[in-house]
Amino acid sequence: MTWPVRHLSQSVAASPEDVAAFAGDPARLPLWAAGVSAGIRHDNGRWLTRSPMGEVEVRFIGPVDRGILDHEVVMPDGTVVFNALRVLANDGGSEVVFSLFQRPGMDAADFEADARLVRQDLARLREVVEGSPAPGE
C-alpha cells in the first residue's frame, strides 16, 4: 500500500550546491522552515526543537552535499516521520522539491493545510537564498 503524495516545488535562482548547503544546515532552519525550527538548538550531537506536540529531534539523513535533504523528525513518543526534500539542478539555478505524504489519520483538510505550510516554507527559502521577497508575502 502507498500513501497519497503531493510533490511541491520552488525554483531558486542559485546553484544546487549553494541551496543545499544553506537549507541542509540545521542551524539555518529558523530562517526558512517554520514547521521544524522554533527554538532549534544543538545538544549532544542532536538538533532539538519545540513543536506543538513537545520537543522533537530533526536529523538530516542526506547526503546533503548531493542535494538530498531528506530528514527525519523524531516525535516525543519516539515515532519517526520521514520527509523527502531534494535540491535539483534547474538550468543555471535549482528546483527544491518536497514530497508531502498524506499519512494515515490525516484528513483532506489537514493535508491541504500542511501543503500550504510547505509552500510557504519553500517560498521563504527562495526569498532568503535569493535575497528577494517571496510571492504573496
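The values are calculated or read from the model by the stated rules, or taken from the named source; none is laboratory data. As the structure is a prediction and not an experimental result, all values here were calculated from the model. Glycine also receives a Cβ, built like all others from the backbone with ideal geometry; neighbour counts cover every protein chain displayed. Remember, those area values only see protein heavy atoms, side chains included, never the ligands or the DNA or RNA. Shrake-Rupley method; radii C 1.70, N 1.55, O 1.52, S 1.80 Å.
Look through Ala115, Ala123 and report the one residue that is open to solvent by less than 70 Å² (accessible area, probe 1.4 Å) and closer than 19 Å to Thr2 by Cα. Answer to the selection: Ala115. In region 110-121, the residues that are more than 20 Å from Ser11 (Cα to Cα) form Cβ pairs under 9 Å with partners that are open to solvent by less than 50 Å² (accessible area, probe 1.4 Å), at six or more places apart or across chains, as follows: Asp110/Gln102; Phe111/Leu100; Phe111/Gln102.
Restricting attention to region 48-61 and to residues that are surrounded by 15 or more Cβ atoms within 10 Å (Cβ to Cβ) and more than 12 Å from the chain's Cα centre (by Cα), the residue that is modelled with the lowest pLDDT turns out to be Ser51. Residue under question is Leu100, and the condition is that it be touching a Lys or Arg at 6+ places or on another chain (Cβ under 8 Å), at pLDDT 95 or above and surrounded by 13 or more Cβ atoms within 10 Å (Cβ to Cβ); does it hold? The answer is yes for Leu100.
Just wondering, is there one or more residues in region 80-94 that are among the hydroxyl-bearing types (Ser, Thr, Tyr) and open to solvent by 20 Å² or more (accessible area, probe 1.4 Å)? No, there is no match, as no residue in region 80-94 is among the hydroxyl-bearing types (Ser, Thr, Tyr) and open to solvent by 20 Å² or more (accessible area, probe 1.4 Å). Taking the condition of a type in the set (A, V, I, L, M) and under 18 Å from Leu122 (Cβ atoms), does Ala34 pass? Here the answer is yes, as Ala34 does meet what is asked.
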